[in-house]
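Everything on this sheet refers to the single structure shown next.
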Amino acid sequence: MQNVKRYMIRCLVGGLLGSATVFQTAAAGQPAAYTQEHAITIDATTINPQSWWQVPGITPSIYASDPESMDAYKTTESRALKLKPGKYTFGSFTFDFPFTVNLEGKLEFAQSLDQCVEGRGTQTLIIRCSRTYPHGGQRDYQYQ
C-alpha cells in the first residue's frame, strides 16, 4: 500500500511539472517569424466587370450589407493588407481560392490558378479573371 501511495505521488508531481512546462511554453507564444506582419498587396483591378472582394477575417465582408453602402473593398483599387504567415482565402462573388503567406512574407498558391492569378513568391497577389477555371476543370487544391 505504501508503494502505491509513493507511485501516485510521483505521478502527480510528474504531471504537475509536465503541465508547468507546457503552460510556460504556451505562455511564451509563437516564434517571432509567425507573428510578424507582412505587407501583402491585393490587386484585383483587372477584374471586369468591377466587383467587391474580401479576405475573410481580415477585410470587411462582401456579404454583410447593401452593395451600395458596404465597406467591402472594390476591385477598382488595389489594397495593402498586413498579414501574418498563414492560410487565407481571396473571395469575390464569382470565385474564391486559398493562398498562403509563408514565413518570409511571400505568397504561395496552387499552380492551377496561374492562368488567372499572379504573384507566387512575391508580396503582390494579382487577380486577372472574374472566374477561375483550373486546367482540366479540376481543382488541385483543397480547403483546410
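The values are calculated or read from the model by the stated rules, or taken from the named source; none is laboratory data. Keep in mind that this is a model prediction, so the values were computed, not measured. Cβ placement follows ideal geometry from the backbone for every residue including glycine, while neighbour counts extend to all protein chains displayed. Ligands, DNA and RNA are excluded from the accessible area calculation, which covers all protein heavy atoms including side chains. Shrake-Rupley method; radii C 1.70, N 1.55, O 1.52, S 1.80 Å.
Remarks
- Using a probe of 1.4 Å on the protein chains alone, the accessible area found for SER51 is around 30 Å².
- Ranked by how many other beta carbons lie within 10 Å on average, peptides 88-97, 72-81 from highest: 88-97, 72-81
- Using the Cβ of GLY119 as centre and a radius below 12 Å, the other residues enclosed give a net charge of -1, where K and R count +1 and D and E count -1.
- Cα→Cβ-extended label distance, 7 Å offset, between THR41 and GLN111, nm: 2.7
- Counting charges near GLU108 (Lys, Arg +1; Asp, Glu -1) among other residues having Cβ under 12 Å from its Cβ returns a value of +2.
- Model label sites at ALA32 and ILE58, defined 7 Å from Cα along the beta-carbon direction, differ in position by 2.3 nm.
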